[in-house]
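Accompanying notes for the structure given below.
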Amino acid sequence: MINNEAIVENYIHANMNEEDEILKELERYTYLNVLRPRMLSGHIQGTFLRFVCEMINPQKVLEIGTFTGYSAICMAKGTSANTIIDTVEINDELEPLIRKFLKKAEVDKKVNLHIGNALEITDTIVGDFNLIFIDGDKREYPNYYNKFIERVSPGGWIIADNTLWSGKVTDISVRESDPQTKGIVEFNKIVKQDPRTENVILPVRDGLTIIKKIV
């Protein structure tokens, strides 16, 4: 059977700018040495995040779920010199790798890495955010949203990854039995019903929800 999704993705890669060498090295290292490497954002999504940052020019960014640092580097590359990016990763074993590549990419001065539970650590970070990228524990997506929407500036943005969850969000039996799918379904419902925001779900990779806080 022909994998049309893989063919389309290869076509996209062939018709966009080349991946940054540091990001290419990080992606290769992640796939060779880190469990669940598909969690890495990758060239298409990373470029999208960089473009978003270039368009909205956020001064303060929060990322939930650093993984090996690919998306943090992309956002840092798309922001101005005085932008501060706070990124939170729960897996402390990834810290040396993240710091190594933040430094190699020369963005370590603008990216603050926090290790621990995002719902707890963010209480120590002062101020509101112009952009929040959510890519952490899918079971916690509703809690992330309810906690962080209050800290998004009016006119600010939230981008949430994996909001289609390989199509599982449409499977009623899985939605009831799998806590991660259930968390994403609940998140999507909360976002749709929130009168303070507008949103769209893009079928990019595993689903990207773009949320604008209007009040």
Relative contact order of the chain, please, whole-number percent, based on alpha carbon pairs below 8 angstrom and at least 6 residues apart. 16 percent
Sparsely packed GluC sites (Glu not before Pro) within the stretch 74-173, loop by DSSP, other Cβ within 10 Å at most 16: Glu106
Using only the heavy atoms of the protein chains and a 1.4 Å probe, how would Ser153, Ser177, Ser71 rank by accessible area, largest first? Ser177, Ser153, Ser71
Highest GNM mean-square fluctuation, the chain, Cα pairs closer than 10 Å: which of Ala14, Ala160, Ala72? Ala14
Sum -39500 (n - 2.57) across every DSSP H segment of at least 4 residues in the chain, then divide by the residue count to get the 222 nm mean residue ellipticity, nearest 500. -12500 deg cm²/dmol
Given all pairs of distinct Cα atoms, the stretch 171-215 yields a Kirkwood Rh in Å of 11.6 Å
Considering only Asn10, Leu40, Met55, whose Cα is most displaced toward the positive end of the charge dipole of the stretch 1-58, charges sitting on Cβ of Lys, Arg (+1) and Asp, Glu (-1)? Leu40
Subtracting the Cα-Cα distance from 0.36 nm times the residue separation, let me have the gained length for Ile121 to Ala81 in nm, one decimal. 12.0 nm
Step through the table entries Lys100/Lys192; Lys147/Lys192; Lys110/Lys168, compare each Cα-Cα distance with 27 Å, and write down the pairs that go over it. Lys100/Lys192; Lys110/Lys168
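What value in Å³ per residue do you get for the convex hull of the alpha-carbon atoms in the stretch 1-76?
Roughly 112 Å³ of hull volume per residue.
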Determine the order of Asp137, Asp86, Asp206 by accessible area, beginning with the largest, at a probe radius of 1.4 Å. Asp137, Asp206, Asp86
With a cut-off of at most 13 other beta carbons within 10 Å, and DSSP calling the residue loop, which GluC sites (Glu not before Pro) in the stretch 12-68 qualify? Please list them. Glu18
Calculate what fraction, in whole %, of the accessible area of the chain sits on carbon and sulfur atoms when a 1.4 Å probe is rolled over the protein chains. 53 percent
Are there DSSP H segments in the chain that both extend 27 Å or more along their axis (alpha-carbon positions) and score a mean Kyte-Doolittle hydropathy of at least 1.6? List them, or say none. none
If you add up the charges near Gly183, with Lys and Arg at +1 and Asp and Glu at -1, over every other residue whose beta carbon is less than 12 angstrom from its beta carbon, what do you get? +2
Stretched out fully, how many nm does the piece from Arg38 to Val215 gain, at 0.36 nm a residue minus the Cα gap? 60.2 nm
How large is the accessible surface per residue of the chain, computed with a 1.4 Å probe and reported in Å² as a whole number? 53 Å²
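The values are calculated or read from the model by the stated rules, or taken from the named source; none is laboratory data. None of the values given here were measured: they were computed from a predicted structure. Here Cβ is always computed from backbone atoms with ideal geometry, including for glycine, and neighbour counts include all displayed protein chains. The accessibility values were calculated without ligands, DNA or RNA, using every heavy atom of the protein model including side chains. Shrake-Rupley method; radii C 1.70, N 1.55, O 1.52, S 1.80 Å.
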